[in-house]
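Any read-out appearing in this document is the output of simple, stated calculations on the displayed coordinates, not a laboratory observation. Predicted, not measured: the structure shown is a model, and the values here were computed from it. We place every Cβ from the backbone using ideal geometry, glycine too, and count neighbours over all the protein chains shown.
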Amino acid sequence: MNIKFLEKGETTLVIELGIGGSFYNWHTFVQQIKKDFTVVMYHRFGYGKSGFSDNPRTVEHIAKELDGLIEKLHINDKFVLIGHSFCGLCAQ
């Protein structure tokens, strides 16, 4: 997965991008909030410079991949999760 970190704020904010979305589309928003958050954005499999997955692109698989990413990054404290568009379902 292609992951992007911005700054180091007190609260971690994970942004789950919508279908066809790129973390580059969120640049202006993130610039406004980056001093208050550790922002984590990533390109899911099949997006940006990320590889591909053999798993179907379903809500269940995307949610499991997100969970695996959070575990891999050792995000153990409470965090804020934004699920944009379709990925609002995945975030739920």
- Item | Matching residues, segment 41-78, being in contact with a helix residue (DSSP H, G or I) (Cβ under 8 Å, 6 or more places away or on another chain), closer than 24 Å to H27 by Cα and not basic (K, R) | M41, Y42, H43, F45, G48, I62, A63, L66
- Query: In this structure, does K72 turn out to be charged (D, E, K, R) and within 17 Å of T11 (Cα to Cα)?
  - Reply: no
- Return the pairs, sorted by first residue and then second, in which the second residue is part of a helix (DSSP H, G or I), the first residue lies in segment 52-75 and is under 14 Å from G18 (Cα atoms), the beta carbons are less than 8 Å apart, and the residues are 6+ apart or on different chains. V59/L89; V59/C90; I62/C87; I62/C90; A63/C90; A63/A91; L66/C90; L66/A91
- Answer yes if at least one residue in segment 22-39 is free of Cβ contacts under 8 Å to residues at least 24 places away in the same chain and among the small types (G, A, S), and no otherwise. no
